[in-house]
Structures are given as structure tokens and as C-alpha cells.
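Trainee: Mind having a look at this structure? Questions to follow.
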């Protein structure tokens with residue numbers, strides 16, 4: 001069966017003021033008020049059916065520690081822009097607006113003011129400049145520059161106009177740049193929290209200090225330490241995701257918990273996400289399919305074999321789940 005509708009995206013109207021709500025699980029944590037944790041204009045996600053209740057666990061399964069890393073790509077899809085639900089339109093995300101000028105050579109983005117990393121530190125143009133100047137142009141960190149950032153054999157220029165305005169300039173027209181930012185490459189430039197990662201970069205930290213930290217962590221070179229600190233399993237790395245890692249592998253289950261600084265809300269001003277945590281457990285593919293049939297999966301399509309579609313449909317009532325068919329038939333999606 002198909003979902004009844006798709007979610008929609010809009011902006012929070014200033015006329016509605018600054019009255020928001022948070023998940024009850026956050027009520028007793030030492031945090032600033034939710035109004036102070038959200039940006040000036042939170043991105044509003046309109047659910048396809050109705051606003052959800054807070055709480056609960058999203059149960060997922062993977063085939064190994066490396067496979068769990070796939071979920072990082074799902075959670076990390078928070079770029080300047082993003083594709084709409086059916087990939088027909090490019091929508092605002094961390095950027096609220098943009099202009100394309102100079103025959104497709106110049107792209108200027110206005111960042112969403114007040115977005116914060118998961119540790120509460122503001123996201124600004126400085127984070128993108130850090131990525132551009134000290135990551136993508138550093139030979140030890142980026143040996144080969146991705147072609148999407150180049151035109152005419154020349155790396156794009158990135159300029160900070162102000163704290164919330166960034167301009168990208170190309171040598172030649174780049175008709176695919178906006179589409180690339182809405183796709184997998186788009187979250188690279190907003191996945192490097194400068195205030196944290198500067199402590200592990202030789203431009204900002206002395207060689208002596210880096211050497212001590214590198215050796216203490218059991219590495220030979222500073223860029224190995226950098227890679228460890230950049231790894232999705234690092235609980236200390238600030239993120240812009242809806243959930244952040246709380247119990248990394250080899251924990252069983254691997255646990256992600258809600259980000260109290262997540263910058264999206266529903267139409268009633270409830271801070272997202274609704275679900276408190278994600279549990280990911282490791283099993284072989286056959287067992288994962290059996291767990292789906294038994295209704296033990298929160299929502300998942302990965303590793304669900306399309307050949308089992310008749311079984312999934314037959315056991316819906318018994319397992320207490322729904323089956324969604326969407327997109328290419330790589331596998332049905334099971335959800336409770």
C-alpha cells in the first residue's frame with residue numbers, strides 16, 4: 001500500500017511569536033528554554049497525516065557494525081538545501097533562501113539564523129569557511145577535490161559575506177551545483193563544526209599539543225586523530241541531526257538519542273523529532289526479515305527482501321504493522 005500523502009515543508013510565521021514545546025523527556029534536563037534552542041525561523045515540517053505524539057523508540061536492524069554506519073547517511077541529510085519528498089523540487093533547509101547570478105557562476109545562500117549544533121554552539125558561515133579553507137584544501141584531509149566543487153579545472157571560491165551569508169563563485173557556469181547540494185555532497189560543508197574540530201587541526205593547534213593527543217589516542221599521525229574525531233561514532237562530535245549517537249558500536253544495541261537543539265518543528269510548534277531514540281541491533285538478513293514479519297521493526301526497508309512481499313502482506317494484522325510500497329522495488333518498507 002502507499003502512504004496517503006507526503007510531508008510538506010514551510011517556514012515558521014513571525015506572527016505566531018516564539019511559543020514552542022519540547023519533548024517531555026527533556027523537561028528535567030539542564031537546558032536553555034526550547035525557544036532559545038530553536039532558530040529565529042524554524043523550518044516547519046507538515047506531517048502527511050497528523051502531528052505525532054512525543055516518545056518511543058524506533059527499532060531498526062543491521063547486518064554488522066559497518067552496516068549501521070549507513071544510518072549516518074540518513075541522519076546526516078541536512079544540507080543547505082534538500083530535495084522535496086518526490087525529488088521534484090529543491091527546498092530550503094539550513095539555507096532559507098538563495099540567489100543564482102552571473103549566468104550560473106555565482107550562488108549566494110542566506111543561512112537560517114540561530115541554528116545550533118547539538119552542543120548548543122551556533123552554526124554560522126565560519127563553519128563553512130573552515131571546511132573550505134582548512135579541510136577541502138588540505139592535502140592530508142582531501143587528497144582529491146570532488147569535481148562538483150570545480151569548474152574549468154579551478155576550485156570554486158567561497159566567500160563569507162556576513163555571519164549568515166555565504167557566496168560560492170565558479171570559473172564557469174555550474175548548472176548542477178544546486179542539485180548537488182540537495183544530494184549527497186550537500187551536507188559535506190555543514191558537517192564540520194569549526195569550534196570543535198579546530199582542536200585537532202594543525203592550523204589552530206600546536207604540533208606539540210597535537211603530537212601528545214595523537215600518541216595518547218594510539219595513532220601515529222595527526223590526521224588519523226582527526227579522522228577518529230570526525231567519525232560518526234564519536235559521541236563528542238557536534239551534529240545538526242535529529243538524533244545523535246549516544247551508544248556507539250560495539251554496544252548492542254547501538255543507540256541514537258534526540259538532539260535537543262534540532263532546528264525543525266511541526267505546525268503547532270512542537271520541536272522535532274517526535275521519537276526519543278533509535279535502537280539498531282545486528283542480525284543476519286534472514287532474521288531481520290523474520291523480525292519484520294513478527295512486527296518487531298519500527299520502520300525499515302533496508303534488508304527487507306522483496307521476495308518476501310507476500311509474507312509481509314499476509315502477516316500485517318498478526319504483526320501489527322503496515323507495508324508501504326514506494327519508489328523502485330528494492331524492498332518494501334515495514335512500519336508499525
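Trainee: Filter the range 38-54 for residues that are outside any strand (DSSP E or B) and either within 23 Å of residue 117 (Cα to Cα) or touching a residue at least 24 places away in the same chain (Cβ under 8 Å) (or both) and give the result.
Mentor: Once the filter is applied, which keeps residues that are outside any strand (DSSP E or B) and either within 23 Å of residue 117 (Cα to Cα) or touching a residue at least 24 places away in the same chain (Cβ under 8 Å) (or both), the range 38-54 yields 38, 39, 40, 41, 42, 47, 48, 49, 51, 52, 53, 54.
Trainee: I'd like the residue in the range 109-123 that is under 19 Å from residue 182 (Cα atoms) and assigned to a loop (DSSP other than H, G, I, E, B) and, out of all such residues, is farthest from the chain's Cα centre (by Cα).
Mentor: 112
Per-residue answers, yes or no, for (1) modelled with pLDDT of 95 or more; (2) surrounded by 15 or more Cβ atoms within 10 Å (Cβ to Cβ); (3) closer than 25 Å to residue 240 by Cα; (4) touching a strand residue (DSSP E or B) at 6+ places or on another chain (Cβ under 6 Å):
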| residue | (1), (2), (3), (4) |
| --- | --- |
| 97 | yes, no, yes, yes |
| 108 | yes, yes, yes, yes |
| 116 | yes, yes, yes, yes |
| 123 | yes, yes, yes, no |
| 137 | yes, no, yes, no |
| 151 | yes, yes, no, no |
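Trainee: Considering each residue of the range 289-315, count those that are in a helix (DSSP H, G or I) and surrounded by fewer than 16 Cβ atoms within 10 Å (Cβ to Cβ), and give that number.
Mentor: The qualifying residues number 8.
Trainee: What single numbered condition from (1) modelled with pLDDT of 95 or more; (2) within 22 Å of residue 190 (Cβ to Cβ) fails to hold for residue 22?
Mentor: Against the list (1) modelled with pLDDT of 95 or more; (2) within 22 Å of residue 190 (Cβ to Cβ), residue 22 comes up short only on (2).
Trainee: Something else about it: What residue, among those in the range 55-80 that are in a loop (DSSP other than H, G, I, E, B) and surrounded by 19 or more Cβ atoms within 10 Å (Cβ to Cβ), is nearest to the chain's Cα centre (by Cα)?
Mentor: 78
Trainee: Follow-up question, since we're still on this one. Here are the criteria: (1) outside any loop (DSSP other than H, G, I, E, B); (2) surrounded by 15 or more Cβ atoms within 10 Å (Cβ to Cβ); (3) free of Cβ contacts under 8 Å to residues at least 40 places away in the same chain. Tell me which single one residue 219 does not satisfy.
Mentor: (1)
Trainee: Now, a different point. Out of 212, 257, report the one residue that is surrounded by fewer than 19 Cβ atoms within 10 Å (Cβ to Cβ), closer than 20 Å to residue 53 by Cα and free of Cβ contacts under 8 Å to residues at least 40 places away in the same chain.
Mentor: Of 212, 257, the one residue that is surrounded by fewer than 19 Cβ atoms within 10 Å (Cβ to Cβ), closer than 20 Å to residue 53 by Cα and free of Cβ contacts under 8 Å to residues at least 40 places away in the same chain is 257.
Trainee: Limited to the range 156-195, what total is found for residues that are surrounded by 14 or more Cβ atoms within 10 Å (Cβ to Cβ), more than 30 Å from residue 85 (Cβ to Cβ), free of Cβ contacts under 8 Å to residues at least 40 places away in the same chain and in contact with a helix residue (DSSP H, G or I) (Cβ under 8 Å, 6 or more places away or on another chain)?
Mentor: Residues meeting the conditions: 1.
Trainee: Would you check if residue 25 is in a helix (DSSP H, G or I) and touching a residue at least 12 places away in the same chain (Cβ under 8 Å)?
Mentor: Yes, satisfied.
Trainee: Further question: Assess whether residue 203 counts as being in a loop (DSSP other than H, G, I, E, B) and closer than 23 Å to residue 238 by Cβ.
Mentor: So residue 203 passes the test.
Trainee: Select from the range 83-108 the residues that are part of a strand (DSSP E or B), touching a helix residue (DSSP H, G or I) at 6+ places or on another chain (Cβ under 9 Å) and closer than 21 Å to residue 261 by Cβ and list them in ascending order.
Mentor: The one that is part of a strand (DSSP E or B), touching a helix residue (DSSP H, G or I) at 6+ places or on another chain (Cβ under 9 Å) and closer than 21 Å to residue 261 by Cβ: 95.
Trainee: Within the bounds of the range 196-209, is there any residue that is under 30 Å from residue 91 (Cβ atoms) and surrounded by 13 or more Cβ atoms within 10 Å (Cβ to Cβ)?
Mentor: Yes: one or more hits.
The values are calculated or read from the model by the stated rules, or taken from the named source; none is laboratory data. Bear in mind that the values here come from a model prediction, so they are computed numbers and not experimental data. Neighbour counts are summed over all protein chains in view; Cβ atoms, including those assigned to glycine, are modelled from backbone coordinates with ideal geometry.
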